[in-house]
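The values are calculated or read from the model by the stated rules, or taken from the named source; none is laboratory data. Note that the structure is predicted; figures quoted are calculated from it, not measured. All Cβ positions, even for glycine, are placed from backbone atoms using ideal geometry, and neighbour counts span all protein chains on display. Ligands, DNA and RNA are excluded from the accessible area calculation, which covers all protein heavy atoms including side chains. Shrake-Rupley method; radii C 1.70, N 1.55, O 1.52, S 1.80 Å.
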Amino acid sequence: MTNIITAQNLSKSFGSFQALKNVDLTIQKGQIVGIIGANGAGKTTLLNSILGLTTYDGELDVLGFDPYVQRDELMKKICFISDVATLPKWMRVCEALDFVEGVHPSFDREKALGFLAGTSVPFDKKIRHLSKGMIVQVHLALIMAIDAKILVLDEPTLGLDIIYRKKFYHQLLEDFFDEDRTILITTHQVDEIENILSQVVFIREGNIVLTADMDDIGEQWMVLNPPQENVAAARALSPVSEQTLLGRTSFIFNGKARAELAELGEVNRINLSDLFVTLMDGE
Amino acid sequence: MLASIVKVNGYNPFKTLMLREYWENRRAIFTTPLVITAASMVLIIISMGVLGRAIHIDGESFTLSEVIANMSAHEAQELSDHINHLLLASVAPIMIGVWFCMVFTTLGSLYDERKDNSILFWKSMPISDVQTILSKILTVTVVIPMVAIGFSFIFQIFLLIVGSFHTIGTEYSAWDLLWSSTNLPALVLNEIVYMIMFSLWALPVFAWLMLSSVIAKRTPLLVATIPVALLALFEGLFFHSEYLVRFVGMRLTGAHILESNKGFSQNFIDFSPRTTLDIIQSATQPAFWVGLGIAAALLCVTVMLRKRNSM
């Protein structure tokens, strides 16, 4: 496996506030990585460093480039959609297509037109006259028609309704992703991306608290829902956290043998949002 | 041919950036001079045609035809000699309008993209900040004035045609009186050279406006003007001089080109059109090169700040 992003001792401060604290991170080719953290945890700062949008301290290598110094070269291999609508409002859809064709050496116009063919996006309209969903469709069509090695999505579906969100991720997997490419995603709607991720990075107050493959998480972390009579026994096995809802108590365990827990009750795979809450509360 | 120039044909980053500037600033580049030109034409047609006696001399009113018919040979000679100057002066409204377009386009150039977040889209493309800023300064100091010269030319031809109609029925022929004494290629060349030299002289001021545009959190105009005003006030109060005001004023009005030897205050009184050679010769003044040096420094800082400020 090849490392495409390597960060060592990556730090970034805004005045006295440290947004990233000596972060070490490696990301390999062919992964879909979810970067998960609360607001202000440093997700966007991490992504902006990777994208060369901000200065930083420490070592950072993205596809062999120093992102801040070589942003324009790097952008031939990496594309991103950030958490805010960034397509210029005054531009027409057809101009946006022309623009990307003109400045990006690996943009495939036919492919972009193909993506837009299935939508009702009007080509002669300005971006400001399109609906939020349409703007995302245009942006995604532009980005997915670029033959990029890394795609970075920072809250790509913010403000979209559920139908668009589903379509968005479906299209991403169907039309863009393959084993040569890597996708980094941050989002608050963790549940929606849970089943497409292959790796997660949990970030809290500028530190990376956990980096793991999704498969490993399934083996390491478990949720036990014991019947009432086994609650005390479960508690004795020192769970990471415990939650009571509607009279039923569930426990989250880390690194316990599944068989051992199964004797006490039903064992389930942990979902990312529960893991997120556990990690953010604990320690 | 024009259609293929103003269209993106495959990968060509700098050309695309220039087109992008055109798409964004269509109003400043094209619509404004178009509207001023059209409005000037309409005004002239109305005043000549509908109102008829629009020219007032010593309390009497005449039509243009009557004025031409009553000219003495000497006056006709005078008109012929100065027709170029008249044509140059006639495009002042276009040039003034375009001047405002240049200033305000520059002030918005690096501010609007941050305000509407589109900077993140531009930065997601493989374009360097140097290329971006170069395309913007070129648009403001070359494209906008050159398009304006195109419209000025159309307007000047229009004036000659209108004038020609009014020679009908007089003893003067339109050719002798107007067309042959107007050296149109020389006139256009003069205007083009003037515009280029104006832009070069004014470059430090436009570079400053662009720097203000990259710094401003809001209202780039205030960011650009307030520090200069304060500094000028400071200079006046403590040094009793006005170098800064003169620097900005002379460069923004093209005063160096119009009058290369005399001071700022006499310029407007002493206005006389320069020959093309005179205009180019203004580049021999050391101040010209000092200005270009300042412009280069300011643009470097602008590039640095745009690289750093992505939000």
Long-range amide H partners of A:ASN22 with built H, under 5 Å: A:SER11, A:LYS12
Long-range HN-HN contacts of A:VAL209 with modeled amide H, under 5 Å: A:PHE202, A:ILE203, A:ARG204
Per-q log10 I(q)/I(0), chain A, q = 0.12, 0.13 Å⁻¹ (Debye; single scatterer per alpha-carbon; no solvent): -0.82, -0.93
Buried area at the B-A interface (accessible, heavy atoms, 1.4 Å probe, summed, Å²): 2900 Å²
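Can you give me the relative contact order of chain A as a percent, contacts being Cα pairs under 8 Å and 6 or more apart? Provide the component values of the computation, followed by the final result.
Numbers: 497 pairs, mean separation 57.0, N = 283.
Relative CO of chain A lands at 20 percent.
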Electrostatic dipole magnitude of the protein assembly as shown [Cβ: Lys, Arg +1; Asp, Glu -1; Cα centre; debye, to 20]: 480 debye
Options A:ALA145, A:ASN271, A:PHE177, ranked by Cα towards positive dipole end of region A:139-283, top entry (Cβ charges): A:ASN271
Residue among A:TYR56, A:VAL93, A:ILE36 farthest towards the positive dipole end of region A:32-99, charges placed on Cβ: A:VAL93
Region A:217-281: relative contact order as a whole-number percent, Cα under 8 Å and 6+ apart: 44 percent
Residue-wise HN-Hα coupling along region B:112-129, computed from phi with Karplus coefficients 6.51, -1.76, 1.60 (Hz; x: Gly, Pro): 4, 5, 7, 5, 9, 6, 5, 3, 5, 6, 4, 6, 7, 9, x, 10, 7, 5
Per principal axis, descending, Cα span of region A:217-281 in whole Å: 29, 26, 17
DSSP beta bridge pairing in the protein assembly as shown, given as percent antiparallel to the nearest 5: 70 percent
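In chain B, how does Rg compare with the Kirkwood Rh, expressed as the Rg/Rh ratio over alpha carbon atoms? Please list the in-between numbers first.
On the way: Rg = 22.8 Å, Rh = 22.0 Å.
Dividing the radius of gyration by the Kirkwood radius yields 1.03.
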Phi to ³J(HN,Hα) by Karplus 6.51 cos²θ - 1.76 cosθ + 1.60 over region A:3-12, Hz, x for Gly, Pro: 7, 9, 10, 10, 10, 10, 6, 6, 9, 8
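Can you give me the convex hull volume of the Cα atoms of region A:150-266, divided per residue and expressed in Å³? Let's see the in-between values first.
Details: hull volume 18.4 nm³, N = 117.
Measuring per residue, one finds 158 Å³ for the Cα hull of region A:150-266.
What number comes out for the charge environment of B:MET210, summing +1 per Lys or Arg and -1 per Asp or Glu over other residues with Cβ under 10 Å away? Numbers along the way, then the final one.
Values: positive: B:LYS136, B:ARG306; negative: none.
Neighbour charge sum, excluding B:MET210 itself: +2.
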Histogram of C-alpha separations across the protein assembly as shown, 20 Å bin width, %: 16, 37, 27, 13, 5, 1, 0
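Report for chain A the percent antiparallel among DSSP-assigned beta bridges with both residues inside it, nearest 5.
Working: 35 of 52 bridges.
Antiparallel: roughly 65 percent of the beta bridges in chain A.
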Sum of side-chain charges, A:ILE36 neighbourhood, beta-carbon under 13 Å (Lys, Arg +1; Asp, Glu -1): -4
Net charge, B:THR105 excluded, C-beta distance under 12 Å - Lys, Arg +1, Asp, Glu -1: 0
Chain B: relative contact order as a whole-number percent, Cα under 8 Å and 6+ apart: 22 percent
Magnitude of the charge dipole, chain A, Cβ model with Lys/Arg +1 and Asp/Glu -1, debye to 20: 900 debye
Candidates per chymotrypsin sites (Phe, Trp or Tyr not before Pro) in region A:70-134, loop by DSSP, up to 14 other Cβ within 10 Å: A:PHE123
